[in-house]
1. Please enumerate the residues belonging to segment 28-61 that are in a helix (DSSP H, G or I), among the small types (Gly, Ala, Ser), more than 22 Å from His119 (Cα to Cα) and more than 13 Å from the chain's Cα centre (by Cα).
2. How many residues are surrounded by fewer than 17 Cβ atoms within 10 Å (Cβ to Cβ), free of Cβ contacts under 8 Å to residues at least 60 places away in the same chain, over 27 Å from Tyr122 (Cβ atoms) and of a type in the set (Gly, Ala, Ser) when one looks only at segment 20-67?
3. Against the condition in a loop (DSSP other than H, G, I, E, B), at pLDDT 75 or above, surrounded by 13 or more Cβ atoms within 10 Å (Cβ to Cβ) and not aliphatic (A, V, I, L, M), how does Phe86 come out, does it pass?
4. Does segment 4-27 contain at least one residue that is at pLDDT 85 or above, of a type in the set (A, V, I, L, M), assigned to a helix (DSSP H, G or I) and in contact with a strand residue (DSSP E or B) (Cβ under 9 Å, 6 or more places away or on another chain)?
5. Taking Tyr153 and the conditions (1) modelled with pLDDT of 85 or more; (2) more than 14 Å from Leu13 (Cβ to Cβ); (3) surrounded by 18 or more Cβ atoms within 10 Å (Cβ to Cβ), which numbered condition does it fall short on, given that it satisfies the others?
Amino acid sequence: MKTYNGKDLLMLLVESEKKVAILYHELSNQVSHPKAKAVFDKLAKDEERHEEMYTSLMHQFEGDLIVEVDDEAHEFLESLVKFSYFRNDAVKKRFVKEDALVIAEKIERDTLILVQELHTLYPNIASKEINIVMKEEKKHLNFVLRTLENQMYPTLGL
């Protein structure tokens, strides 16, 4: 058994939500279709709200959020943090501007996994808010996947 500090997950979620909101704002500025622009603006606003929620959660806990986990869970959590798109230059370098929706898919999947892990480790912390965020992240991921499926990105001018 090892200990894990859940604040590491919260800090990553704050950082990720902030940066993905910026990404969605940039995508909104690059597209010409009004509906696509509106969708990316909504996604960005959702991510900004999520960032505020995670920041608030971090401030609620003066100390660390230490929890005991088995070795396998510890390794998995460490990998989630280490290989986050926003923290790992090797991961970022594999993508170019044209991969914006692929990047968004990776970010949405990673965020959903991070939130699920946070909820598993701390089921009594902001359970209602976490469940709302998980639903929203699933909607975001679904939108990105559908957009990729429909090969909408050439018409968006990306």
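1. Step one: list which residues in segment 28-61 are in a helix (DSSP H, G or I), which gives 28-30, 34-60.
Next, from what is left, pick out any that are among the small types (Gly, Ala, Ser): 28, 36, 38, 44, 56.
Next, only the ones that are more than 22 Å from His119 (Cα to Cα) stay: 28, 36, 38, 44.
Passing the criteria: Ser28, Ala36, Ala38.
2. Matching residues across segment 20-67 total 1.
3. Working: in a loop (DSSP other than H, G, I, E, B): yes; at pLDDT 75 or above: yes; surrounded by 13 or more Cβ atoms within 10 Å (Cβ to Cβ): yes; not aliphatic (A, V, I, L, M): yes.
So Phe86 passes the test.
4. No, the conditions are met nowhere in segment 4-27.
5. (1)
Residues are listed down the side, and each one gets a yes or a no for (1) within 19 Å of the chain's Cα centre (by Cα); (2) under 19 Å from Leu145 (Cα atoms); (3) among the basic types (Lys, Arg):
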| position | (1), (2), (3) |
| --- | --- |
| Leu12 | yes, no, no |
| Asp70 | no, no, no |
| His74 | no, no, no |
| Lys82 | yes, no, yes |
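The values are calculated or read from the model by the stated rules, or taken from the named source; none is laboratory data. Since the model is a prediction, treat every value here as computed from it, not as a measurement. Because the Cβ atoms are built from the backbone with ideal geometry, glycine has one as well, and the counts that use them run over all protein chains shown.
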